Amino acid sequence: MSAQPLLQVRDLRVRFATMDGQVQAVDGVDLDLAAGETLGVVGESGSGKTVTALSLLRLIPSPPGRIAGGSILLDGRDLLALPDVDMRKVRGNEIAMIFQDPMTAMNPVLRIGRQLTEPLVNHQGMSRGQARARAAELMGLVGLADAARRLDDFPHQFSGGQRQRLMIAMALACNPKVLIADEPTTALDVTISAQILELMQDLQREFQSGIIIITHDLGVVARTADRVAVMYAGRVVEQGDVETIFARPSHPYTWSLLDSLPRLDGARGERLVPIPGSPPSLINKPSGCPFHPRCRVRREVCTSVQPPLVEVGAGHLAACVIGRDEAAAERERLAAAHADAA
């Protein structure tokens, strides 16, 4: 990674006001992203991944949400301090996002051509004719046939998978410095998913863009990411390069996620190890480590102390009182016990 990251997030905190109290959706997140790097952000639903991504674009709905603190630096500029007019120049141009739900992310009353050409005209200074030609080219790049004619169609005339590809085309339009992909391949078949991931990697190689991939698919992370940030209950609990996270995870939540997935190299008849319980309430979080009610190796101290994110290896950070070597031994012990019980 370069000395000065392209994107730096420090102590980011986001709150949502509800009738039941304050939802601590993001609670002190630190992230770095270098130019030309892909960061995978993983965790269960409700862990704060999407809210963190929306915060980078200052798209948190207010009310009920608000960014309660922290900083977001893009090339040294604090995006949280920018006036709204300047922030609009950043969205779609310097930071673009592929939103999670393509069925609701587009304006239903505007033709696709209008929605695709708007960022090209506003941010790139293209004429309407140039923007329309580029929009058709982008549609072709994401696998949509008869692009020139379909520019005049409305969103409802496209299938869910086609709308997902249109969202990707819109995000790629201005060759952004940072591309945030929130479950970018959810509605796509395997072949198109591979093409889309390859397309994003081609963009990255050509323009040295930084990519943040938010996904539940750890296979996508393993194939595409350079580093991984694991989120739980609004916090990053482990972070490191992809090889280290998959081979030597330190936080019990990380290796519990990995152990709950089927493996092609697993023994025949091997049973998966589910994570017990459910994610905690973000209004009334457990005392101490938020994962301790579900953790199979918790200690007494875990119920009262929330450990900070500290270095447990070269470039490898974890928020756990258990050291990396001890975590590896505990994981092996529990795996053996589970195999004996099966």
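Once phi is turned into ³J(HN,Hα) by the Karplus curve 6.51 cos²θ - 1.76 cosθ + 1.60 with θ = phi - 60°, what whole-Hz value does each residue of region 275-289 show in order, with x for glycine and proline?
For region 275-289, the Karplus-derived couplings read 7, x, x, 10, x, x, 5, 8, 8, 10, 6, x, 5, x, 5 Hz, x marking Gly and Pro.
Using a simple spin-label model with points 7 Å from Cα along the Cα→Cβ vector, what separation in nm is obtained for residue 330 and residue 208?
4.2 nm
By how many nm would the segment from residue 145 to residue 303 lengthen if fully extended, with 0.36 nm per residue of separation less the alpha-carbon distance?
51.3 nm
Is there a quick way to get the dipole size of region 144-256? I mean about its Cα centre, with the Cβ of Lys and Arg at +1 and of Asp and Glu at -1; what is the value in debye to the nearest 20?
About 160 debye.
Each residue of region 131-138 in turn: what ³J(HN,Hα) in whole Hz from Karplus with 6.51, -1.76, 1.60 and θ = phi - 60°, glycine and Pro shown as x?
Once θ is set to phi - 60°, the couplings for region 131-138 become 5, 5, 5, 5, 4, 5, 5, 5 Hz.
Taking 0.36 nm per residue of sequence separation and subtracting the Cα-Cα distance, how much length would be gained by fully extending the chain between residue 71 and residue 10, in nm to one decimal?
That works out to 21.4 nm of additional length.
Step by step: find N for region 192-320, compute 2.2 N^0.38 Å, then divide the Cα radius of gyration by it. What's the final number?
1.19
Amide H of residue 213 versus every other amide H placed in the peptide plane: which residues, excluding those fewer than 5 positions away on the same chain, fall under 5 Å?
39, 40, 41, 181
Filter the trypsin sites (Lys or Arg not before Pro) in region 82-133 to those in DSSP coil with at most 15 other Cβ atoms within 10 Å of their Cβ, and list the result.
none
Can you find, among 276, 308, 216, the residue sitting farthest towards the positive end of the charge dipole of region 212-342, where Lys and Arg contribute +1 and Asp and Glu -1 at Cβ?
276
Just want the answer: with Cβ charges of +1 for Lys and Arg and -1 for Asp and Glu, which residue in 323, 180, 121 is farthest toward the dipole's positive end in the chain?
The listed residue farthest towards the positive side: 121.
Could you work out how far apart the two model spin labels at residue 157 and residue 62 are, taking each label as a point 7 Å from the Cα in the direction of the beta carbon, and quote it in nm?
3.9 nm
Packing-wise, with mean Cβ within 10 Å as the measure, how do 242-253, 271-282 rank, highest first?
With the highest mean Cβ count within 10 Å placed first, the list reads 242-253, 271-282.
Please quote Rg/Rh for the chain to two decimal places, taking the Kirkwood radius as Rh and restricting both calculations to Cα atoms.
Taking Rh as the inverse mean 1/r over Cα pairs, Rg/Rh reads 0.99.
Would you pull out the residues with amide H under 5 Å of residue 26's amide H, same chain only if 5 or more places away, H placed 1.01 Å from N?
Excluding prolines and chain starts, which carry no amide H, the hits are 14.
Of the beta bridges DSSP finds with both residues in the chain, what % are antiparallel, to the nearest 5?
65 percent
Just from its helices, what would the mean residue ellipticity at 222 nm be for the chain, if runs of 4 or more DSSP H residues each count -39500 (n - 2.57) and the sum is divided by every residue, rounded to the nearest 500 deg cm²/dmol?
Numbers: 11 runs with 116 residues, N = 342.
Rounded to the nearest 500, it is -10000 deg cm²/dmol.
Just name one of 51, 72, 110: the one whose Cα is farthest towards the positive end of the charge dipole of region 1-158 (beta-carbon charges, Lys/Arg +1, Asp/Glu -1).
My answer, from the dipole projection, is 110.
How much space per residue, in cubic angstrom, does the convex hull of the C-alpha atoms of region 95-202 take up?
Considering the Cα atoms of region 95-202, their hull volume per residue is 90 Å³.
Contact order normalised by length for the chain, with contacts defined as Cα pairs under 8 Å and 6 or more residues apart; what percent is it?
Values: 608 pairs, mean separation 65.7, N = 342.
This gives 19 percent for the chain.
Can you tell me the FRET efficiency between residue 88 and residue 30 if r is taken as the Cβ-Cβ distance and R0 is 25 Å, rounded to the nearest 0.05? Mind showing how you got there, number by number?
Values: r = 26 Å, r/R0 = 1.06.
E(calc), rounded to 0.05, equals 0.40.
For region 83-151, just say rounded, prolate or oblate: build the C-alpha gyration tensor, square-root its eigenvalues into a ≥ b ≥ c, call rounded for a/c under 1.5, and beyond that prolate if a/b exceeds b/c, oblate if not.
Working: a/c = 1.91, a/b = 1.31, b/c = 1.45.
Note, shape of region 83-151 comes out oblate.
Net charge near residue 327: determine it from the other residues with C-beta under 14 Å of the C-beta of residue 327, scoring Lys and Arg +1 and Asp and Glu -1.
Cβ neighbours under 14 Å give a net charge of +1.
Quote the Stokes-Einstein diffusion coefficient, in whole µm² s⁻¹, for region 7-166, based on the Kirkwood radius over alpha carbon pairs, a temperature of 10 °C and a viscosity of 1.306 mPa s.
Numbers: Rh = 17.7 Å.
In µm²/s, the coefficient is 90.
Please enumerate, by chain and number, the lysines with C-alpha under 26 Å from the C-alpha of residue 285, excluding those fewer than 8 residues away in the same chain.
Result set, ordered by chain and number: 49.
List the lysines whose Cα lies under 18 Å from the Cα of residue 89, skipping any in the same chain that are fewer than 8 positions away.
Straight-distance partners of residue 89: 177.
Could you give the dipole magnitude of region 112-182 about its Cα centre, charging the beta-carbon of Lys and Arg +1 and that of Asp and Glu -1, in debye to the nearest 20?
100 debye
Residue 18 to residue 285: FRET efficiency via 1/(1 + (r/R0)^6), r the Cβ-Cβ distance, R0 22 Å, to the nearest 0.05?
Efficiency, from the Cβ-Cβ distance: 0.95.
For the chain, give the magnitude of the charge dipole about the Cα centre (Cβ charges: +1 Lys/Arg, -1 Asp/Glu; no others), in debye to the nearest 20.
On the way: 36 positive and 39 negative charges, 160 e Å.
That gives the chain a dipole magnitude of about 760 debye.
Any read-out appearing in this document is the output of simple, stated calculations on the displayed coordinates, not a laboratory observation. As the structure is a prediction and not an experimental result, all values here were calculated from the model. Positions of Cβ are backbone-derived with ideal geometry, glycine not excepted, and every protein chain shown enters the neighbour counts.
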